[in-house]
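Heads up: the structure comes next, in C-alpha cells.
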Amino acid sequence: MAPASPSSLQLSLENKELKQAQAAYIKALQDAGEADADIVGNVYAINGKINGGDVYASNALFRKMWRKQLDANVTEAISKKDAAPTAPPSIKEVQAFLATAQTGAKTERAINAHVRLATLDGDASLYAETRRSDGSWVHRNYLAK
C-alpha cells in the first residue's frame, strides 16, 4: 500500500505558514538590496555558512533579479531554519569565498551567437560567468558545494 499523501487542507495550511515566514524574511531583507543605486550583487549565508551569490554588470539588472533571488534564498533558509544559528560570515570570509570560487577547472561554451558561459568547478564551489560576444560579462554566479 502506498503511503498516504498529505491532504489538501494540510498542504494549504503549510503553504500559508511558508508564505508568512517568507514575508517576514523578505520584509527584513528586501530594502537592503534596494537601498543604493550602486548595488550590483549579493552573497547569502544560511546559519552562518555562505551558500552562494550573484553579481550583475549593472544595478538595473541586479534590481530586476533581486526579488526573485531573495525569494529563492529565503525559501532555502526557511528549509534549514532548524539548524543551530551561528554568527554571519565576516567580510573577509565573503571575500575569500568569492576569490576561491574563481579558481578551478575551466570550461566554456556558447549559449548562442551572442552569449557564452564560462564555468570554474573547484573543490568547494562552482563559479559561472555569462559573457556577451564582445567579452564583457553580464552575470557572475557563485555556489558553495
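Taken together, the values in this text are just the output of simple stated rules run on the coordinates, not laboratory data. For clarity, every value in this text was computed on a predicted model and none was experimentally measured. All Cβ positions, even for glycine, are placed from backbone atoms using ideal geometry, and neighbour counts span all protein chains on display.
Centroid-to-centroid, using Cα positions, segment 67-82 and segment 15-32 are 9 Å apart. Given 59, 114, 83, which one lies farthest toward the positive end of the charge dipole of the chain, if we put +1 on the Cβ of every Lys and Arg and -1 on the Cβ of every Asp and Glu? Working it through, the farthest residue towards the positive pole turns out to be 114.
Taking 19 Å as the straight-line reach from the Cα of residue 80, the aspartates and glutamates in range (excluding those fewer than 8 positions away in the same chain) are 14, 17, 71. Under a model in which nothing but the beta-carbon of Lys, Arg (+1) and Asp, Glu (-1) is charged, the chain shows a dipole of about 220 debye around its Cα centre.
Taking 27 Å as the straight-line reach from the Cα of residue 106, the lysines in range (excluding those fewer than 8 positions away in the same chain) are 49, 92, 145. Peptides 66-73, 81-88 ranked from most to least packed, by the mean per-residue count of other Cβ atoms within 10 Å: 66-73, 81-88.
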